[in-house]
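Derivation of every value follows stated rules applied to the coordinates shown; laboratory data play no part. Quantities reported herein were computed from a predicted structural model and do not represent experimental measurements. Because the Cβ atoms are built from the backbone with ideal geometry, glycine has one as well, and the counts that use them run over all protein chains shown.
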Amino acid sequence: MLFFVLLLQPRQIDLLLAGDLLNQCMATSFGVRQLHMPLAGVYGACSTMALTLALASVLTDCGAVRTAVASTSSHFCAAEKQFRMPLEYGGQRPPAAQWTATAAGAAVIGAQGAGPRIEAVHFGRIEDCGVTDSANMGAAMAPAACETIAAFLRDTDTEPRQYDMILTGDLGVVGTRLLLELLKKQHGLSIDGVHNDCGLMLYDMQKQDVHAGGSGCGCSAAVVCGYILHRLRENRLRRVLFVGTGALLSAVSPLQGESVPGIAHAVYLTSGEENR
């Protein structure tokens, strides 16, 4: 098991795993170039926070590094310009569209510590249900989230009721509805009572017009690092299955008629209280 560690200096970090939504992960490269830390650039689209957490924990657990940082970020205007239309174009956003979060998150992972723990990880497989609408990310990512959740529960021989929360990355309204339907239809699983989605938690869905919810690398990063970890540390949550979801498209693939593949990676987080 791995721990979340607090209050370290850059020189104490063996490896930084980070990425973002911009071409060649430029926000990450420019943002950390003054830190002089070993960097492994990672691109998992909106699943990047879960992916960097999973990779950092594996590398730390096997002894390849002593301490690692998992981080990601996203920026609303930059993402819109790259993947859809510049804001000044004034294009109308369809109801299924989600709002890319201007947000970031980072977590320090170590083999020892008093923080919440990473107990297990699961690297997902690409699922492609043929969605070609780049404005409907929830529908593109839901099948991957469904398969990753089902596989993790099967591999660990656990049931949804054993978790305080099963948290998906940023499926939003459309993707969440589809995920719940797919799990029941394909695997006979119901997570209604324990499921939440970062895309529905980051914004006030009643007061803020973000259409189908939040999205972007920074969406799940901000919710997990800024909210979930604190609740685990306070023991208000004890077992959280975080499933980061990503839509693996580029700026040009939709223009070429390609569908949008989805992927989801799972990170099992605990407060550690049950092991003390």
_Euclidean distance of C-alpha centroids, region 112-146 and region 152-206, integer Å_ = 11 Å
*Using the alpha-carbon centroid of each, what span in Å lies between region 8-70 and region 211-274?*
16 Å
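Can you put 60, 28, 245 in order of Cβ neighbours within 10 angstrom, beginning with the fewest?
60, 28, 245
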*Which helices count as membrane-span-like in the chain under these terms: full DSSP H, at least 20 Å along the axis by C-alpha, Kyte-Doolittle mean of -1.0 or more?*
137-156, 172-187
*Say R0 is 22 Å: what FRET efficiency, to the nearest 0.05, do residue 236 and residue 192 get from their beta-carbon distance?*
0.55
*Based on DSSP, what percent of beta bridges with both residues in the chain are antiparallel, to the nearest 5?*
60 percent
_In 10 Å bins starting at zero, report the fraction of Cα pairs in region 47-123 per bin as a rounded %._
16, 36, 21, 18, 8, 0
_Over the Cα atoms, compute the radius of gyration (one decimal) and Dmax (the largest Cα-Cα distance, rounded to a whole number) for region 185-261, in Å._
15.8, 49
*Counting other Cβ atoms within 10 Å, which trypsin sites (Lys or Arg not before Pro) in region 1-74 have at most 10 and lie in a DSSP loop?*
33
*Over region 1-151, what relative contact order in percent results from Cα pairs under 8 Å that are six or more residues apart?*
30 percent
*Once the chain is represented by equal point scatterers at the alpha-carbon sites, with solvent omitted, what log10 I(q)/I(0) does the Debye formula produce at q = 0.07, 0.15 Å⁻¹?*
-0.23, -1.07
